[in-house]
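Written below as structure tokens is the structure these notes are about.
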Amino acid sequence: MRVTIIGAGVAGLVTAMELAKRGIWVDVVERSEQLGTQACAWFAGGMLAPWCEQATAEPQVAALGTEAIGWWQQHVEDTVRRGTLVVAASRDVGELALFARRTERFESVDARQISALEPELAGRFQQGLFFADEAHLDPRHAMQTLAAKLRTMGVTIRYGVNADVERMETDQLIDCRGMAARDTLKDLRGVRGEMILLRAPEIQLSRPVRLLHPRFGLYVVPRGDGIFMLGGTLLESSSYAPVTVRSAMDILNAAYTLHPAFAEGEILELGVGVRPAFPDNLPRVFRRGHTIHVNGLYRHGFLLAPAMALQAAQMVCSHAKETSSCISL
């Protein structure tokens, strides 16, 4: 059996991996000229935080995402499991209490414990929540690692291909195009997120830190070598226009609140990712005619991709069972 996957974003690459492990011949086609240039995952935070996400996401997100940490640790060795630290300024401790009521699997920490976890934040915050079981990764490195492993497994990734979904000749087609699939999935909408990649070598953080605020929340994810990804905007928009001044100011002001030394950081990159979402913000894997659709991962791409890929692989293998072309794992 030959399976063609359209889209080499995180959903497409993880689905290709799950199929290739089962002995399926997989071909991936991607409209971009190189990996990541049109993938919203390229601008993702890379936080594998199923329990933190309970604060704003549906319960299914945490349920589906709990296996993601192990999956990424298995496939990308640089996946870091040091937990997530959530803090709030003294004036916003009510936000911390609300976050705690909506989530689970955390430990309440005081100023001394916060200082022990992240010495850079010593004396800056009096209360926090520590989600010890969560993890994070570098999205760009993770995608490059998956692409390299897929090539060694005999999977072809062809770039610069504008695939016609209706005319693709293959045994099974899997559409992982994200927002580009709006030509067939009319209820998809875009949710815009903006990020700043910043170098601040004088700041040392070992895990993602979330700063809560009534209006705007910040997350800071360490990338190593003094580089941090800053993000937190969530806008109902499908626009790929450059980062706005307001969003950049919101992110940078929040980063300054977290640690004033961020004001001396060097901005390396400002980026925009438009995440595909269905009206209920939940992902879907379903068959429509000849095509299996994997879409609607919203802002949980790395967290939900393994579970969605497993569902897609099971659908393919169920269809292929009669040909004995699928290996059960």
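Specify which of the listed residues (LEU96, LEU35) is surrounded by fewer than 23 Cβ atoms within 10 Å (Cβ to Cβ), under 26 Å from LEU198 (Cβ atoms) and not assigned by TED's automatic domain parsing to the domain that holds THR233.
LEU35
For segment 273-298, which positions are part of a loop (DSSP other than H, G, I, E, B) and either in contact with a Ser or Thr (Cβ under 7 Å, 6 or more places away or on another chain) or at pLDDT 95 or above (or both)?
Of segment 273-298, the ones part of a loop (DSSP other than H, G, I, E, B) are 278-283, 289-290, 296-298.
The answer is PHE278, PRO279, ASP280, ASN281, LEU282, PRO283, GLY296, LEU297, TYR298.
Under 9 Å between Cβ atoms, at least 6 apart or on separate chains: pull out the pairs that start in segment 126-153 with a residue that is at pLDDT below 95 and end on any residue that is crowded, with 16+ Cβ neighbours inside 10 Å.
Taking only residues 6 or more apart or on different chains, not a single pair turns up.
A quick yes/no check of all residues on (1) within 22 Å of VAL87 (Cβ to Cβ); (2) modelled with pLDDT of 95 or more; (3) basic (Lys, Arg); (4) surrounded by fewer than 17 Cβ atoms within 10 Å (Cβ to Cβ):
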position: ASP183; (1), (2), (3), (4): no, no, no, yes
position: LYS186; (1), (2), (3), (4): no, yes, yes, yes
position: GLN204; (1), (2), (3), (4): yes, yes, no, yes
position: ARG207; (1), (2), (3), (4): yes, yes, yes, no
position: PRO214; (1), (2), (3), (4): yes, no, no, yes
position: TYR219; (1), (2), (3), (4): yes, yes, no, no
position: ILE227; (1), (2), (3), (4): yes, yes, no, no
position: ALA241; (1), (2), (3), (4): no, yes, no, yes
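Please determine whether any residue of segment 148-163 is among the hydrophobic types (A, V, I, L, M, F, W, C) and within 30 Å of ASP225 (Cα to Cα).
Within segment 148-163, one or more residues are among the hydrophobic types (A, V, I, L, M, F, W, C) and within 30 Å of ASP225 (Cα to Cα).
When segment 299-328 is examined, which residues are found to be outside any helix (DSSP H, G or I), more than 18 Å from the chain's Cα centre (by Cα) and either more than 17 Å from GLN172 (Cα to Cα) or at pLDDT 95 or above (or both)?
Correct list: SER328 only.
Report every pair of residues separated by at least 6 positions or lying on different chains whose Cβ atoms are under 6 Å apart, first residue within segment 243-260 and of a type in the set (D, E, K, R), second outside any helix (DSSP H, G or I) and modelled with pLDDT under 95.
ASP250/PHE216
Give the residue, chosen from THR79, THR103, THR66, that is modelled with pLDDT under 95 and either closer than 22 Å to LEU303 by Cβ or not acidic (Asp, Glu) (or both).
Going through THR79, THR103, THR66 in turn, just one is modelled with pLDDT under 95 and either closer than 22 Å to LEU303 by Cβ or not acidic (Asp, Glu) (or both): THR66.
So, in segment 272-301, of the ones that are among the hydrophobic types (A, V, I, L, M, F, W, C) and under 18 Å from THR233 (Cα atoms), which residue ends up surrounded by the most Cβ atoms within 10 Å (Cβ to Cβ)?
Checked segment 272-301; the qualifying residue surrounded by the most Cβ atoms within 10 Å (Cβ to Cβ) is LEU297.
Inspect segment 10-32 for any residue being touching an Asp or Glu at 6+ places or on another chain (Cβ under 7 Å) and either buried (at least 22 other Cβ atoms within 10 Å of the Cβ) or in the same structural domain as ALA116 (by TED's automatic domain parsing) (or both) and give the result as yes or no.
For segment 10-32, residues touching an Asp or Glu at 6+ places or on another chain (Cβ under 7 Å) and either buried (at least 22 other Cβ atoms within 10 Å of the Cβ) or in the same structural domain as ALA116 (by TED's automatic domain parsing) (or both): absent.
Looking at segment 183-192, can you tell me whether even one residue there is within 30 Å of GLU264 (Cβ to Cβ) and either touching a residue at least 24 places away in the same chain (Cβ under 8 Å) or in contact with a Pro (Cβ under 9 Å, 6 or more places away or on another chain) (or both)?
yes
The values are calculated or read from the model by the stated rules, or taken from the named source; none is laboratory data. Because the structure is predicted, anything quoted here is derived from the model rather than measured. Quick reminder, even Gly has a Cβ in these numbers, built from the backbone with ideal geometry, and neighbours come from all protein chains shown.
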